[in-house]
Each structure stands twice: as structure tokens, then as C-alpha cells.
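A.B. asks: Handing you a structure now.
The values are calculated or read from the model by the stated rules, or taken from the named source; none is laboratory data. Not measured: the values here are computed from a predicted model. Cβ: placed from backbone, ideal geometry, glycine included. Neighbour counts: every protein chain shown. Heavy atoms of the whole protein, side chains included, go into the accessibility calculation; ligands, DNA and RNA do not. Shrake-Rupley method; radii C 1.70, N 1.55, O 1.52, S 1.80 Å.
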Amino acid sequence: MEKYYVTTAIDYANAAPHIGHAYEKIAADIVARYQRLCGKKVFFLTGTDEHGSKVQKAAIAAGFDSPRAFVDETSSKFKEAWRRLLISNDYFIRTTEDRHKEVVQEVFRRMRQKGDVYIGKYSGLYCDGCEDYLRETDLVDGKCINHQRPPVHSEEENYFFRLTKYKEPVRQWLLEQEAHVLPAGRKQEVLNQLDDPELGDFSITRSRRSLTWGIPVPDDPEHVIYVWIDALTNYITGAGFLSDEEAWSTWWPADLHLIGKDITKFHAIYWPAMLLACDIPLPRLVFGHGFITVEGQKMSKSLGNVLDPVYLTEKYGADAIRYFLFAANTFDQDGDFSRAEMIKIANSHLANNLGNLLNRIVTLIGKNFTNAVPDIEAEQKYLDLADAKTEQYCQAMNVFEFAKAIRCVLDFVDEGNKYLADQKPWSMFKEYQETKDEAKLREAGRVLVTGMKLVKRAAILLAPVTPDLSEKIWKSLGYTESVHSITFNSSQFSHEITPGQVINNPGPVFPRLEEKETE
Ligand code: MSP
């Protein structure tokens with residue numbers, strides 16, 4: 001069985017999750033569920049990044065005695081948000097886990113043994129929003145462009161990693177025929193960064209005087225390992241490096257590191273360089289997705305528009321949020337979350353198009369065939385259309401074009417709706433009742449069986465995006481096992497439906513969303 005290992009960035013445990021964090025976790029979940037549908041054995045890792053000065057300061061500001069108690073609380077908020085959003089991660093890693101500390105220290109040791117670590121003086125400008133040193137040329141009006149505040153001057157003794165030794169091998173990896181960094185524009189940015197002579201060796205520790213909340217350097221506890229070295233290493237800890245030989249040999253190298261565009265440099269330059277120094281194979285692909293704004297504006301505490309995904313799931317349900325984010329945005333570009341748009345799109349696509357098609361079919365089969373699917377051939381051209389669209393769906397999913405993949409499903413659902421509207425099986429049933437002409441009954445049955453097969457295929461293909469809705473549709477079509485157990489190779493995937501299969505009518509599977517006037 002082929003394997004697929006997908007990871008997300010691990011979120012800073014300095015505050016509760018927002019819709020931007022959710023966007024990435026849902027995307028990774030869509031990938032993981034799609035790869036399971038392809039029949040692969042999947043390991044899906046997400047988690048929280050819990051060390052560093054940003055988290056330490058947030059703990060103090062929140063009045064906690066120890067950062068540990070603070071990160072316990074914040075990481076559980078992330079876990080809860082992902083549970084509500086139906087994220088199917090196989091493991092949730094926390095960088096404060098003991099086994100992770102051991103792996104980080106081992107990575108440090110290996111780099112040191114290779115002669116790639118040396119001690120030196122660092123003097124520079126540090127932005128704790130980025131958890132990174134900045135150059136004068138990175139600033140606009142003296143401020144970090146990402147965090148809109150001036151960095152702080154810092155001078156201390158640090159350990160450095162010889163990145164310069166690995167710039168050329170990393171460039172070679174980036175230039176290999178098989179793309180290792182996507183989208184292509186982002187890969188070009190990384191290649192340009194590698195060309196910059198100012199991108200040199202970088203500091204990989206902080207002195208204990210400036211940072212206590214982190215993993216100590218082995219044999220030199222006066223120094224604490226830089227949070228990015230600690231964070232990136234989560235991907236190998238999660239795969240069982242040093243702790244689980246069998247898991248490690250199964251899962252590594254990662255097939256996909258899904259991350260936001262702002263942290264591409266760390267994943268496409270620092271991380272491969274670190275792995276090369278440790279003689280660990282490089283990941284297959286790093287994908288840097290776009291950023292989500294809220295109602296057209298960048299989220300910020302000062303604007304008060306930081307959107308809480310838990311609140312959104314309570315109000316609208318996970319399926320609507322998941323569906324809207326990925327049907328309405330292009331994954332490799334920046335996108336937006338707007339409530340009014342979400343309500344409009346979810347109602348139109350899920351309640352009207354898909355929900356109505358299902359509803360008409362189960363209602364008419366219920367009334368006219370006493371809930372049992374009649375033994376009648378479907379109209380082949382619609383099944384062929386669904387197969388062709390399934391192929392296009394896979395092509396789009398394979399390159400993370402989620403909106404395009406979703407559109408393929410809607411295309412054949414739309415055709416199904418048009419087919420029903422043209423054929424009017426309800427009129428055929430009426431005619432049958434009046435004339436007792438069996439041919440009319442069969443004609444109507446044929447329309448319904450065809451429609452049902454389209455809905456069946458739609459439920460399977462949308463399952464990675466709208467897991468709950470797909471399951472409801474699936475169950476209403478009379479299946480007992482879960483839609484999430486279906487793979488392209490399983491018999492249930494085909495257009496076959498057992499005649500006599502008993503459908504049931506659960507009422508609207510996607511109740512229309514309404515914006516309450518008081519909110
Ligand atoms: N802790 C680091 C990542 C370490 S990975 C080894 C970090 N954390 S973060 O909490 O700031 O961001 C976590 C992820 O969320 C990143 O991939 C980041 O790009 C993504 N996003 C943060 N805000 C976002 C949006 N507004 N929209 C989409 N993704 C966003 O960076």
C-alpha cells in the first residue's frame with residue numbers, strides 16, 4: 001500500500017486559533033482525506049509550536065506563573081478547534097513533549113559533529129513576531145513589515161549553523177525536475193533568496209539570559225536552541241525519528257509540508273539544509289499557500305476582526321465553512337472569508353443544487369417505489385459525464401487546485417438537476433397513475449436512478465471537503481458503512497447500486513443558513 005505523509009505548520013501557542021490557522025488545517029485535511037480516497041495509507045500531522053520568546057511573553061502577559069501551564073491551555077484550544085472543524089489528523093504534536101526535546105538535541109548534536117555549528121558573536125535586529133533576525137533592508141519605516149513594529153537590537157554569543165555550506169546543494173534540490181517547492185512563483189522567490197550573498201550562516205541559539213523558554217543546547221545549558229530549529233524538527237519527531245523505528249521507516253520522507261507563504265524561507269532553505277547536515281532525506285514537497293483576509297481586511301487584534309473558528313462552527317457548522325473557504329478561494333493565492341458570501345455560496349451550492357437533487361430523488365423514490373431503488377438501467381451519458389469529471393477532479397486535487405476540483409463535482413450535479421427539470425419524473429408518475437402505463441413508470445425510475453448515481457458520486461468526491469454532509473447523503477442513499485471508508489478501488493465507488501437498496505429521507509441534509517438579525 002502506498003503511503004502519504006502530510007504535515008501542516010505547527011501554530012504558535014501564544015493565542016487561540018484564528019480562521020487563517022484553520023484554513024491551512026482544513027486544506028491539509030482535504031489532502032489527507034483525498035489521499036485516503038486514493039487508497040493510500042496516510043499519516044496526517046499537525047500541532048503547536050510552544051517555545052520561544054513570543055510564547056513566553058504571551059504567558060507572562062496572560063498572568064501565568066509558568067509558560068507550561070499557559071501552553072497547556074492554548075494547545076488544547078487548537079485541539080478543540082480542529083475537532084470541531086472535523087480535522088482528521090492522526091497525531092497532534094506539541095514541541096514541549098519529551099520525545100521531541102530529545103530529537104531536537106540529537107539534531108543539534110549531529111550538526112555539531114558534522115562541523116556545521118560554531119560559536120560566534122551576534123549583533124543585530126530581532127523581531128520576536130517573526131522569531132528571526134532582520135536586516136535593515138527588510139524594514140519599512142524602521143518596522144518589520146509583517147508585524148508593524150520595530151525590531152529590538154540584540155547582541156550576544158550564539159551558536160551558528162553553516163548554511164553557506166548547504167546553499168548550493170539546496171539550490172540543486174530546488175532545481176531538480178520534480179518540483180520540491182510550489183507554487184512556482186514561490187520557488188523562484190526562494191531561488192532569489194539563495195542568490196543573495198547576505199543570506200549567510202544563521203544563529204541557531206539564544207543565550208539563556210535572553211530566553212529561558214526553550215530546549216537547552218546539549219552540554220552547554222547556558223544556550224537555548226532557536227525556536228525555528230525546534231519547530232521544524234517536529235516533522236521528524238512526529239514521524240517517529242528516534243522513538244519508533246517502524247513508523248520512521250514507513251513515513252519519512254514527508255510527501256507534503258503544507259505551510260503559509262510567509263514561512264517559505266524556513267521550509268525551503270533552512271529545513272533542507274538542516275536535514276542535509278543530519279544525513280536525513282529531504283521532504284518531497286513544500287507548498288506555500290496564500291493568506292486569508294476577513295471581509296477584505298488583514299486580521300489584527302487592533303481591528304478586532306480576528307475570527308474564531310470555534311464560534312463559526314457553532315453558528316454555521318463545519319461543512320459550510322470548509323466548503324466556502326475552498327470553493328471560493330484559489331489555494332495558491334490570497335483569499336477572503338466573508339460571512340455574507342459564505343451564506344450565499346453554501347446555500348446555493350449545498351442547499352439548492354446538491355441538497356435539492358438528493359431531496360427530489362429520495363422523496364420520489366420514497367413515494368413511488370416504497371423507498372426501494374428500482375431495478376432500472378441509468379442513462380449512460382450522465383454516468384460518462386460523472387466519470388470524466390471525476391478524472392478532472394483528481395487532476396485538480398493532485399495539484400492542490402481545490403476550487404477547480406469542487407467545480408467538477410458541481411458540474412455534474414448541475415447537469416443532474418437540469419435532467420430532472422427537463423424530464424419531470426413527477427409528471428411521469430402522475431401519468432402512470434392515470435394510465436397505468438408501465439413504460440412511464442420505468443421512464444421515471446430511469447431518471448431517478450440516474451440522478452441517484454450522480455448524487456452518490458458527488459457524496460464520495462465531496463467527502464474530503466464536506467465530511468459530515470457527505471456522510472448524511474451517503475446514509476440517506478441507504479449505505480450502512482461510512483462514506484469515508486470508500487476508495488477509488490472499492491466496489492462501492494462504481495456506479496453500481498443494488499436494486500432494492502432502501503433509501504431514506506432525512507429531510508434537508510444541508511439546512512439553509514440564515515444570518516440572524518441580532519448578530
Ligand atoms: N510556528 C510557526 C510555524 C512553524 S512550522 C515548523 C508559525 N506559526 S503561526 O501560528 O504564526 O502560523 C501557523 C501557520 O498559519 C503558518 O503556515 C502561517 O502561514 C499560517 N497562517 C497564519 N495566518 C494566516 C492567514 N491569515 N491565512 C492563511 N494562513 C495563515 O508561523
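A.B. asks: Does any residue of the stretch 147-155 turn out to be away from the ligand (no atom under 15 Å from the Cβ) and touching a helix residue (DSSP H, G or I) at 6+ places or on another chain (Cβ under 8 Å)?
C.D. replies: Looking through the stretch 147-155, none of the residues is away from the ligand (no atom under 15 Å from the Cβ) and touching a helix residue (DSSP H, G or I) at 6+ places or on another chain (Cβ under 8 Å).
A.B. asks: Go through the stretch 333-370 and count every residue that is more than 16 Å from the ligand (Cβ to nearest atom) and in contact with a strand residue (DSSP E or B) (Cβ under 8 Å, 6 or more places away or on another chain).
C.D. replies: Selection size over the stretch 333-370: 1.
A.B. asks: In addition: Could you tell me which residue of the stretch 87-107 is nearest to ILE321 (Cα to Cα), considering only residues that are within 16 Å of the ligand (Cβ to nearest atom) and not β-branched (Val, Ile, Thr)?
C.D. replies: ASN89
A.B. asks: Evaluate the following for TYR118: is it modelled with pLDDT under 95 and touching a strand residue (DSSP E or B) at 6+ places or on another chain (Cβ under 6 Å)?
C.D. replies: No: the conditions fail for TYR118.
A.B. asks: Please go through the stretch 20-46 and pick out each residue that is of a type in the set (A, V, I, L, M, F, W, C) and more than 16 Å from the ligand (Cβ to nearest atom).
C.D. replies: ALA32, LEU37, CYS38, VAL42, PHE43
A.B. asks: Related question: Consider the stretch 60-117. How many of its residues are part of a helix (DSSP H, G or I) and not hydrophobic (A, V, I, L, M, F, W, C)?
C.D. replies: The qualifying residues number 23.
A.B. asks: Now, a different point. Having 1 or more residues that are hydroxyl-bearing (Ser, Thr, Tyr) and open to solvent by less than 40 Å² (accessible area, probe 1.4 Å) is the bar; report the helices (runs of 4 or more DSSP H) wholly within the stretch 329-417 that clear it.
C.D. replies: Answer list for the stretch 329-417: 380-398.
Each row is one residue, and each column tells you yes or no for (1) free of Cβ contacts under 8 Å to residues at least 12 places away in the same chain; (2) open to solvent by 30 Å² or more (accessible area, probe 1.4 Å); (3) in contact with a Lys or Arg (Cβ under 7 Å, 6 or more places away or on another chain).
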residue: ALA444; (1), (2), (3): no, no, no
residue: LYS453; (1), (2), (3): no, no, no
residue: GLU471; (1), (2), (3): no, yes, no
residue: GLU481; (1), (2), (3): yes, yes, no
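A.B. asks: Please tell me if LEU285 is touching a strand residue (DSSP E or B) at 6+ places or on another chain (Cβ under 7 Å), at pLDDT 95 or above, more than 13 Å from the ligand (Cβ to nearest atom) and open to solvent by less than 50 Å² (accessible area, probe 1.4 Å).
C.D. replies: yes
A.B. asks: Then there is this: Would you pick out the residues in the stretch 36-50 that are farther than 18 Å from SER494 by Cα and open to solvent by 10 Å² or more (accessible area, probe 1.4 Å)?
C.D. replies: Listed by number, the residues that qualify are LYS40, LYS41, VAL42, PHE43.
A.B. asks: For the stretch 192-203, does any single residue satisfy the condition of being crowded, with 19+ Cβ neighbours inside 10 Å and touching a Pro at 6+ places or on another chain (Cβ under 8 Å)?
C.D. replies: Within the stretch 192-203, none of the residues are crowded, with 19+ Cβ neighbours inside 10 Å and touching a Pro at 6+ places or on another chain (Cβ under 8 Å).
A.B. asks: For a quick check of your reading of the model, give me the residue pairs whose first member lies in the stretch 30-48 and is touching a residue at least 12 places away in the same chain (Cβ under 8 Å) and more than 18 Å from ARG83 (Cα to Cα), whose second is among the hydrophobic types (A, V, I, L, M, F, W, C) and assigned to a strand (DSSP E or B), with beta-carbon atoms closer than 6 Å and at least 6 apart or on different chains.
C.D. replies: Final answer for the pair search is GLN35/VAL42; ARG36/VAL42.
A.B. asks: Something else about it: State whether one or more residues within the stretch 126-146 are loosely packed, with under 12 Cβ neighbours inside 10 Å and under 29 Å from PHE241 (Cα atoms). Give the derivation first.
C.D. replies: At the first step, the residues of the stretch 126-146 found to be loosely packed, with under 12 Cβ neighbours inside 10 Å are 136-137, 140-142.
Restricting the remaining residues to those that are under 29 Å from PHE241 (Cα atoms) gives none.
Checking the stretch 126-146: not a single residue is loosely packed, with under 12 Cβ neighbours inside 10 Å and under 29 Å from PHE241 (Cα atoms).
A.B. asks: Check SER123 against each of (1) polar (S, T, N, Q); (2) open to solvent by 60 Å² or more (accessible area, probe 1.4 Å); (3) in a loop (DSSP other than H, G, I, E, B) and name the one condition it does not meet.
C.D. replies: Only one criterion is unmet by SER123, namely (3).
A.B. asks: Filter the stretch 95-120 for residues that are among the aromatic types (Phe, Trp, Tyr) and open to solvent by 30 Å² or more (accessible area, probe 1.4 Å) and give the result.
C.D. replies: Answer for the stretch 95-120, where residues must be among the aromatic types (Phe, Trp, Tyr) and open to solvent by 30 Å² or more (accessible area, probe 1.4 Å): just TYR118.
A.B. asks: Does LYS436 satisfy being at pLDDT 95 or above, open to solvent by 10 Å² or more (accessible area, probe 1.4 Å) and touching a His at 6+ places or on another chain (Cβ under 7 Å)?
C.D. replies: So LYS436 does not fit the description; no.
A.B. asks: Just need a number here: residues in the stretch 453-504 that are farther than 20 Å from TYR393 by Cα, out of contact with any helix residue (DSSP H, G or I) (no Cβ under 8 Å at 6 or more places or on another chain) and of a type in the set (Ser, Thr, Tyr).
C.D. replies: Residues meeting the conditions: 2.
A.B. asks: Same structure again: Of all residues in the stretch 296-315, which are within 13 Å of the ligand (Cβ to nearest atom) and surrounded by 14 or more Cβ atoms within 10 Å (Cβ to Cβ)?
C.D. replies: MET299, ASN305, VAL306, LEU307, PRO309 - these are the residues of the stretch 296-315 that are within 13 Å of the ligand (Cβ to nearest atom) and surrounded by 14 or more Cβ atoms within 10 Å (Cβ to Cβ).
A.B. asks: Further, regarding this structure: Counting just the residues of the stretch 228-264 that are part of a helix (DSSP H, G or I) and near the ligand (Cβ under 8 Å from one of its atoms), which one comes out nearest to the chain's Cα centre (by Cα)?
C.D. replies: Among them, the one singled out is LYS261.
A.B. asks: Something else now. Would you call THR74 within 14 Å of the chain's Cα centre (by Cα) and either over 17 Å from LEU258 (Cα atoms) or of a type in the set (Val, Ile, Thr) (or both)? Break it down into steps so the answer makes sense when it comes.
C.D. replies: Numbers: within 14 Å of the chain's Cα centre (by Cα): no; either over 17 Å from LEU258 (Cα atoms) or of a type in the set (Val, Ile, Thr) (or both): yes.
Considered against the rule, which asks whether it is within 14 Å of the chain's Cα centre (by Cα) and either over 17 Å from LEU258 (Cα atoms) or of a type in the set (Val, Ile, Thr) (or both), THR74 comes out as no.
A.B. asks: Looking at (1) in contact with a helix residue (DSSP H, G or I) (Cβ under 6 Å, 6 or more places away or on another chain); (2) within 14 Å of the ligand (Cβ to nearest atom), can you tell me which one LYS114 breaks?
C.D. replies: Of the numbered conditions (1) in contact with a helix residue (DSSP H, G or I) (Cβ under 6 Å, 6 or more places away or on another chain); (2) within 14 Å of the ligand (Cβ to nearest atom), the odd one out for LYS114 is (2).
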